[in-house]
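Student: Below you'll find the structure I mean.
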Amino acid sequence: MKSSVLLPLGFALTALFVSAVVPACSNPGEEDATSEDTGEEAYTTEGSCDGLPKLKNLKTPPGVCVGVVATGFTFARSIAQLDSGDLVVAEMGGWAKDRGGVWLLRRKDDKTFAKTKLNAIIDKPSGIAVGPDGLVYVGTPDAIYRFDPYAATLKSDPTRKLAKTGPLAGPDAYKQPPIKLVIKNLPGDITPSGASGARHPLKKFVFDKRDPWTMYVNVGSASDTCEQGAGARPPGGYPFPCPEAEDASARGGIRKYKLDGPDHLGTTFTTIAKGLRNSMALAVHPTSNLLIQGENSRDSINKLDASLTDQEGDLPHEELNVITEGAHYGWPYCIDNGTPNPEYRGRVNCANYKNPALLLPGHVSPLGMTFYTGTMFPAPYRNNLIVTFHGYREYGHRLMLVPVDAQGVPGAGEPLDIIRGWEKSADGRDPQGAPVDVLQANDGSLFVTEDKNGDVLRVFFDASLGNGAPMKPLPPQRPVVSADERARCDALARRTDAFSRIQRDLIDTSCVGCHGAGPGYAGGLALLKCDSVGNATRLTAARSGGRGSYVTAGNENSELVLRLKGQGFPQMPAGGVSPELLDEVQTWIRDGAQVPR
Ligand code: HEC
C-alpha cells in the first residue's frame, strides 16, 4: 500500500515537471508523456487466489482469479521472468527523469512474493525482457541496457551476490549490478527540432523467435499528428510528407536491431515499419514469427473537424497491425481503414498505406500483449493474443483475449474481456485500475502490471475459482475490409475450381497475413486476400530479371512447392502445411496450373 503522505507529494512534483515541459492537452490513460495519474487508489481484497490476496470487485469469467503480487510501485510498467522463476519489474517512477528503478520479485514458501529493488536503471524504464543470454534488458527513452540481476551485491556486504534462490533481503538492500549499454542514441524525450517534451519517449521492445539476437524496438512519434507547433492550427502546419515519419531515423515506427559481434551490441538498425504512432504493445508469434503491433492512435480528432468525435471510444480506432518489413501504416496521414486524417484530407492517398488487421475501440490504449501458449488456461485462451487496454474511457481498462488465426493474425473471432470492472465504484474509487503489461509465466499463469494502483497482479486459472462474470465482447468495430476485397471474397465463395479452393484453404489462411494488402509485401510477392484470379496469375507469370516463375505448369517441384516444403528456401509458412494441402497444390500444378476465369 502506498503511504498517503509521501506519494501525493511525489506525484505533485512529477505533475509540475510535466506541465512545465508539455503544453499539450492531457488525455487520461493514453500512452503519452502528457498523461498522469495519482496512483492513490488502493484495492480491496477478500479471500485467496493461489496463496495471494484475491481482488474483490473485478469481473472475471469462471476460473479466472486475480491476486495481488506486490504493491507500492510508482508506475509499474513491464514485467519479465528469469529462468530461475524470479520476476523483474520496470518501475517507470513518473514522467520526470531518473526516478525509476528495476525490482526483483521472488515467490516465497508461503506463496506470497518478496520484492527487492535492484535500482538498476532509473530514467523512465519501460520495456523489460530477458534476452537469449538470460540477462535482463531494459529500455529507457534513449537507450537499452542489459545486466545480470544476480551480480547485484548486498549493500551491507558487497562480497555477497544476490542468490538465485532463498530469501531476499529487504527493499533497497542491494547495490546495482554492473550495467552494459546495448543500444544508444535512441530518439527519447527530445523532439526532432531539439525541444524537450517528445510525446512518446518510452521504449518497448521484443526479441525475434527465430533469430534471438534480433530485437524490434518501438520508436514512438514525438508529435501527435506531425503538428509543427501548438494548437489546432499550428503556425508551421502539418507538412506532407511528415519529416519525422519519413526520415532515415524515422519516428513513429519499429526498428530492427541485430545485436551482433562478441558483445552483442545494437550499433546499426533498419526501420522495418513506418507510420505507427506508438507501438507499446509488441508480440512475436511463437511459430510463424509474425510480429504483431498494438497501435495507440492519434488524439483530439475533433480539433480541426468538429463533426468528428473522439469521445467514448469513437475515432480514430486503435489498431492491431501485422508487421511486414518495409510497410508504411499511415501515421500521421491516415487512420482506420484508409481514412485520411482531417489534417491531410485532399493531400494523401490512403491506399498507399497498409490497413490494420483489426480495429479496436478508440483510445483503449493497447500497451502490452503476449501470445498465450501455456496450459494453465483452457482451450479458448490458448494460442490467442492477450492484450492489456490501459485507457480510462468506457472500453479501456481491461485485459482482453483476442482470437488469432494459425499464423497469429488477429481477427479470427470476437475479442472478449478476461478482466473488466476496473471502473470507479459507487463510492468513486476502488477498484479503478489501468493494466500496462502482461507476461505469461513459466507455470502458465499471467502477471499483469497495473499503474493506477501501482501494483503487480497474478491472473491464475482454477475452474473452482473466479467471479463467474461471463466474458463480454466489445461493441462491433468497423470491419477491416475494403469494398474491392468484399467483392473479391463474394466472388471467391462461388468459385469451385482447384486454385480457388487453394486460395480459400491455403493462401487466405496462411499467406495473406504477410503477403497481403498494402505496399511492402513480404519478399515482393503480393498474394491478396480472396484474389484467386490475380494470385494464380502472379504465381504463374515470369518474374522480372529472368528469374522464372513461382509455378511452372506440370512441374511439381516448382518454387512454390519447394517453399511450402522448405526445400532450398525458407519454409512458407513456418511449420509447413498439411500433406493434403501440399497434394492439392501439386495436383493443381500437374493439371496445368490453370488460372481461374
Ligand atoms: C510470417 C510471414 C510469412 C508468411 C505467413 C508467409 N510468408 Fe512467404 N515470405 C515471407 C518473407 C519475409 C519473404 C521474403 C524472404 C524469403 O524469400 O524468404 C517471403 C517470400 C516468399 C516467396 C518468395 C518471393 C520472392 O520472389 O522472393 C514466396 C514464393 C512465398 N513467400 C510464398 C508464401 C506462401 C505461398 C505462403 C503461404 C502458404 C507464405 N509465403 C507465407 C514471409 C511470409
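The values are calculated or read from the model by the stated rules, or taken from the named source; none is laboratory data. Keep in mind the model is a prediction, meaning the values are calculated, not measured. In this analysis, Cβ positions are derived from the backbone assuming ideal geometry, glycine residues included, and neighbour counts consider all displayed protein chains. The accessibility values were calculated without ligands, DNA or RNA, using every heavy atom of the protein model including side chains. Shrake-Rupley method; radii C 1.70, N 1.55, O 1.52, S 1.80 Å.
Student: Any residue in segment 118-128 that is in a strand (DSSP E or B), without any contact (Cβ under 8 Å) to a residue 60 or more places away in the chain, closer than 18 Å to K175 by Cβ and small (G, A, S)?
Tutor: no
Student: What number of residues within segment 542-575 satisfy the criterion of being part of a loop (DSSP other than H, G, I, E, B), free of Cβ contacts under 8 Å to residues at least 40 places away in the same chain and either open to solvent by 40 Å² or more (accessible area, probe 1.4 Å) or near the ligand (Cβ under 9 Å from one of its atoms) (or both)?
Tutor: Count: 13.
Student: Okay, next question. Hey, among the residues in segment 287-300 that are part of a loop (DSSP other than H, G, I, E, B) and away from the ligand (no atom under 12 Å from the Cβ), which one's nearest to the chain's Cα centre (by Cα)?
Tutor: N296
Student: Turning to a different aspect of this structure: Being away from the ligand (no atom under 16 Å from the Cβ) and either more than 30 Å from V577 (Cα to Cα) or free of Cβ contacts under 8 Å to residues at least 60 places away in the same chain (or both) is the requirement here; does Q477 meet it?
Tutor: yes
Student: Test G534 against the criterion of being assigned to a loop (DSSP other than H, G, I, E, B) and surrounded by fewer than 18 Cβ atoms within 10 Å (Cβ to Cβ), and give yes or no.
Tutor: The answer is no for G534.
Student: Then there's this: Which of the strands (runs of 3 or more DSSP E) contained wholly in segment 73-112 include at least 2 residues that are not aliphatic (A, V, I, L, M)?
Tutor: Qualifying strands (runs of 3 or more DSSP E): 76-81, 101-107.
Student: Moving on to the next point. Taking segment 228-246 as the search range and keeping residues that are in a loop (DSSP other than H, G, I, E, B) and in contact (Cβ under 8 Å) with a residue 40 or more places away in the chain, which one is least open to solvent (accessible area, probe 1.4 Å)?
Tutor: Filtering segment 228-246 for residues that are in a loop (DSSP other than H, G, I, E, B) and in contact (Cβ under 8 Å) with a residue 40 or more places away in the chain, the one least open to solvent (accessible area, probe 1.4 Å) comes out as C242.
Student: Also, quick follow-up: Residues in segment 269-286 that are outside any loop (DSSP other than H, G, I, E, B), closer than 21 Å to G411 by Cβ and within 16 Å of the ligand (Cβ to nearest atom): how many?
Tutor: 4
Student: Restricting attention to segment 254-268, report how many residues are touching a Phe, Trp or Tyr at 6+ places or on another chain (Cβ under 9 Å) and not in a strand (DSSP E or B).
Tutor: The number of residues fulfilling the criteria is 5.
Student: Name the residue that is nearest to A245 (Cα to Cα), counting only residues in segment 193-208 that are surrounded by fewer than 17 Cβ atoms within 10 Å (Cβ to Cβ) and modelled with pLDDT under 95.
Tutor: S193
Student: Cβ-Cβ under 7 Å, sequence separation 6+ or interchain: first residue in segment 522-534 and over 9 Å from D508 (Cα atoms), partner hydroxyl-bearing (S, T, Y). Which pairs?
Tutor: Listed by first residue and then by second, the contacts come to A522/T324; S532/S500.
Student: Which of the residues belonging to segment 123-154 are open to solvent by less than 20 Å² (accessible area, probe 1.4 Å) and touching a Pro at 6+ places or on another chain (Cβ under 9 Å)?
Tutor: D123, K124, S126, G131, V136, V138, G139, T140, P141, F147, P149, A152
Student: Residues of segment 390-426 being in a strand (DSSP E or B) and either open to solvent by 20 Å² or more (accessible area, probe 1.4 Å) or within 15 Å of T60 (Cα to Cα) (or both), which ones?
Tutor: The answer is R398, L399, M400, L401, L416, D417, I418, I419, R420.
Student: How about segment 581-597: which of its residues are modelled with pLDDT of 95 or more and surrounded by fewer than 17 Cβ atoms within 10 Å (Cβ to Cβ)?
Tutor: L582, D583, T587, R590, D591, G592, Q594
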